[in-house]
Structures are given as C-alpha cells and as structure tokens.
Amino acid sequence: MVSSKVSNRYALSLISIALDKNMLDTVYNDVKLLIGAFNDSDELQRVIESPVVRPELKISILDEIFSGKIDKETTNFIHFIIEKRREEILYSAAEKFIELRNEHLGIVELVVKTAFELNDDQKAELKERFEKILNKKTILNFNVDNNLIGGFIAQVGDTVYDASMKHQLELLKKEFVQGGLSLN
C-alpha cells in the first residue's frame, strides 16, 4: 500500500513535468521502453530492485541500456528514483504514469485475449466497437490465448468483457438448466 502511494506520487510528478515541458508523448515512449526492458528481462528488474547493488551501478546499467534512446528528462527521473533508493517502485511508477497519461488524454487501454491472431480488419472492428461502448479512444493490446476455443476476452481495469466461446456455452447451459431442460 505504501509503495502504491509512493509510486503514484512519483508518477504524478513525472506527468506534471511532461505536461509543463510539452513532452507527454516523448516521456510516454520512454516509459514504454523502460517497461518493455523490464518485461523482457527479469534479471534487469532484479538487479535494479536489489538493495545489494549500489545505486551508481544501477544508474550506469540503465544509462548503458537507454543511451540515446530516452530523453534527458526521463533519464533524470529514473536517476532521481534510484538516488532516493526507491528502485522497487520504478516499474509501478512507470505503469501509473501511463495510466495518468491515458486518463489525461481520455484514452482507455484494453487487453484483448483471442483464440487466434486477428487480422487488421478484425482488430479495427473490435477497436471501433469498444470505442462506441466506452465512448472513449482506445488502445487495444492483443494476446493469443491457446486456452480459448473461440471468441475473445477483453479487460479494462476491473471490467471484463467475455465473448469467449466457453462463456457463451456456459450461458447457454444456464438457460437450459433454468428452463428445466436436462443436458444429460
């Protein structure tokens, strides 16, 4: 809980800097790179969050990875967090920044799990439908889930839109049972 509050404060300060300096898109892209690096390497995240590794070494490692790839303002923000020995909230502060940025721009980000890879037309149609449902701009992140038979499951925050084949069959079964029909 404390880490969540702390990461929120750091994310708020970063978005404030980004808005003041008219760098929201630049910082957003930088933060996505940082999150991507952490997601791609558990070892990197472990080293950065380790209390045993000196802050100077952590800064050196991140500077080496992101040299010429992220803006000086984002670099300064990362350095500040590490110098304050708050490395454990770097990832969550980055995620919270993205949430705040999307909220500021009226964007909703959804994770969409599908049974198979969708083509561009199908993705565009889903995006259009969710924008109508949510009455906001959307960013859809697609993942293939081999456990799905068909359809999709979309999640935004705590809300789940389950249009999977399995869910549809469960609803059908429920209707049969409520109607007094036996499936045996």
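Relative contact order for the chain: what percent, with Cα pairs under 8 Å and sequence separation of 6 or more?
RCO, the chain: 20 percent.
Using the Cα centre of region 107-178 as the reference point, and only Cβ charges (+1 on K/R, -1 on D/E), how large is the resulting charge dipole? Debye, rounded to the nearest 20.
Dipole magnitude for region 107-178 comes out near 160 debye.
Classify region 2-103 from the C-alpha gyration tensor, please: rounded if a/c falls under 1.5, else prolate or oblate depending on whether a/b exceeds b/c.
prolate
Near Lys174, which aspartates and glutamates are there with a Cα under 19 Å away, not counting those fewer than 8 places off in the same chain?
Once the sequence-local aspartates and glutamates are set aside, what remains near Lys174 is Asp162.
May I ask which of Lys96/Lys166; Lys32/Lys58; Lys32/Lys136; Lys32/Lys137; Lys123/Lys166 have a Cα-Cα span longer than 25 Å here? Working shown, then result.
Numbers: Lys96/Lys166 33 Å; Lys32/Lys58 19 Å; Lys32/Lys136 21 Å; Lys32/Lys137 19 Å; Lys123/Lys166 21 Å.
Cα-Cα > 25 Å for Lys96/Lys166; rest within.
Compute the angle between helix 120-134 and the longest alpha-carbon principal axis of the chain, please, reported from 0 to 90 degrees and rounded to the nearest 10.
So the helix axis and the longest Cα principal axis differ by about 90 degrees.
Report the full-extension gain for the segment Met23 to Lys166: residue separation times 0.36 nm, less the Cα-Cα distance, to one decimal in nm.
47.1 nm
To the nearest 20 debye, what charge dipole does region 63-184 have about its Cα centre, counting +1 at the Cβ of each Lys and Arg and -1 at the Cβ of each Asp and Glu?
300 debye
Based on alpha-carbon centroids, what's the gap between region 133-170 and region 11-25 in Å, whole number please?
32 Å
Taking other Cβ within 10 Å of each residue's Cβ, how do Asp158, Asp63 sort, fewest first? Don't skip to the answer; put the middle values down first.
Values: Asp158 5, Asp63 13.
Exposure proxy ranking, most exposed first: Asp158, Asp63.
Quote the relative contact order of region 107-178 in percent (integer), defining contacts as alpha-carbon pairs under 8 Å separated by 6+ residues.
On the way: 99 pairs, mean separation 26.9, N = 72.
In percent, rounded to a whole number, it is 37.
Any chance you could check the Cα centroid distance between region 40-54 and region 75-124 for me, in angstrom?
20 Å
For q values of 0.17, 0.26, 0.28 Å⁻¹, compute log₁₀ I(q)/I(0) with the Debye formula on a Cα-only model of region 107-178, without solvent.
Log10 I(q)/I(0), no solvent term: -0.65, -1.19, -1.28.
Ranked by Cβ crowding within 10 angstrom, fewest neighbours first, how are Leu62, Leu169 ordered?
Leu169, Leu62
Taking neighbour counts of Cβ atoms within 10 Å as a proxy for exposure, in what order, fewest first, do Met165, Met23 appear?
Met165, Met23
Considering amide H positions built from the backbone, and no H for Pro or chain starts, which residues 5 or more places from Ala115, or on another chain, come under 5 Å of its amide H?
Residues meeting the amide H criterion: Asp145, Gly151.
So for region 107-178: antiparallel DSSP bridges make up what percent, rounded to the nearest 5?
Here the share of antiparallel DSSP bridges comes out near 55 percent.
Report the antiparallel proportion of the DSSP beta bridges in the chain as a percent, rounded to a multiple of 5.
Values: 10 of 18 bridges.
Taking every DSSP beta bridge with both residues in the chain, the antiparallel ones total about 55 percent.
Give the aspartates and glutamates whose C-alpha is closer than 18 Å to that of Lys72, dropping any in the same chain fewer than 8 places away, or say none.
Asp20, Asp25, Asp30, Glu56, Asp63, Glu64, Glu83
Any read-out appearing in this document is the output of simple, stated calculations on the displayed coordinates, not a laboratory observation. If you're wondering where the values come from, they're calculated on a predicted model, not measured in any experiment. FYI the Cβ positions are ideal-geometry reconstructions off the backbone, even for glycines, and counts take in every protein chain you see.
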